[in-house]
Every structure is written in structure tokens, then in C-alpha cells.
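Values in this text are rule-based calculations from the coordinates and carry no lab data. Since we're looking at a predicted model, the values are computed, not measured. Note: ideal-geometry Cβ built from the backbone for every residue, glycine included; neighbour counts use all protein chains shown.
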Amino acid sequence: MGYINGRYRRTGTLWEGRYKSCLADTERYLLSCYRYIELNPVRAAMVADPGNHAWSSYHANAQLLPDAMVVPHAEYLRLGADAAERCVAYRALLKDALSADRLAEIRAYVQQQRVLGSPRFQREIEVMMGRCASVRPAHRPRRSSESDGTGSDPL
């Protein structure tokens with residue numbers, strides 16, 4: 001690790017900050033996250049089709065290829081009565097690109113590791129966890145003139 005850090009002028013552990021996740025509300029959001037993940041290699045211009053990415057769950061979800069690492073979620077199973085039907089529905093789902101707004105939303109929630117879901121779902125998680133579940137604006141808020149006691153603008 002010292003060699004890599006020195007050579008590439010970086011600090012910290014090799015995988016530091018690499019892994020990010022967020023809790024996703026099942027309804028409406030889960031399959032959007034599936035689409036986000038499986039289409040990432042396409043958006044990154046690594047492959048032209050998600051089926052061409054070797055490290056993708058697309059093969060199990062859309063092509064009926066068995067993969068012991070992929071456990072189908074209940075929302076995925078609702079796409080069809082049998083595996084073949086689900087694959088067809090899943091491929092159709094991936095043909096619809098995610099909107100720029102949905103992409104930005106998913107990225108923001110993953111970056112801050114917050115709860116991606118409906119306001120009701122977020123409130124439930126906030127109560128359970130005792131912490132904020134929604135995305136917050138970047139940077140600390142400015143102090144107001146009332147809160148600092150001086151009555152003047154701190155800047």
C-alpha cells in the first residue's frame with residue numbers, strides 16, 4: 001500500500017471511500033436501483049450492452065444464466081410468473097433509460113449513504129435509527145445573525 005500511495009501521490013487505505021451503499025425502499029425504488037447498477041458499465045462506455053459486462057448480475061436477471069451469487073428479490077420475482085417471463089420483463093425494463101433526475105437522485109443518496117425512498121419510508125427509518133435519512137445540502141449552513149449573538153453578518 002505504501003508503494004501505491006507514494007507512486008500515485010495518494011493517502012489512506014487502498015479501498016478507502018470506495019464502497020458506498022444506501023437503504024432503498026422496495027416499491028418503486030428497488031428496480032430503479034437495479035437499472036442504475038446494471039446500466040453503469042453502459043453509461044461509462046465500458047460496454048455497449050449490459051450483457052457484455054462480465055461482472056454483472058444482468059446475466060442472471062435478464063438472460064436466465066444461473067449465478068449462485070444472485071438471490072432474486074421479491075420485487076424482481078413479481079416481474080413475471082416464471083423465470084422466462086421475468087427475464088423478458090427485465091430486459092424491457094432496462095430498455096427504458098433512467099431519467100437524469102432519477103440518476104441524480106440515486107447518486108446523491110448513495111454518496112451520502114441515506115435512505116432512498118418515499119418520505120413516509122424515510123420517516124420510519126429516521127424513527128428506527130434516530131438519524132437523518134434524507135439527503136442534505138452540501139456544506140454546513142451559514143450561521144444566522146440571530147444565532148451568533150452579534151447581530152452582524154459573520155462574513
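Among the listed values [x] 1.10; [y] 0.97; [z] 1.36, the one matching Rg/Rh (Cα atoms, Kirkwood Rh) as calculated from this structure is [x].
Relative to the longest principal axis of the Cα atoms of the chain, helix 100-112 runs at roughly 60 degrees.
Considering only 115, 71, 135, the Gaussian network model of the chain with Cα springs below 10 Å gives its largest mean-square fluctuation to 71. Going from the fewest other Cβ atoms within 10 Å to the most, the residues 67, 25 appear in the order 67, 25. For the chain, adding -39500 (n - 2.57) for each run of n ≥ 4 DSSP H residues and dividing by the number of residues yields -13500 deg cm²/dmol at 222 nm.
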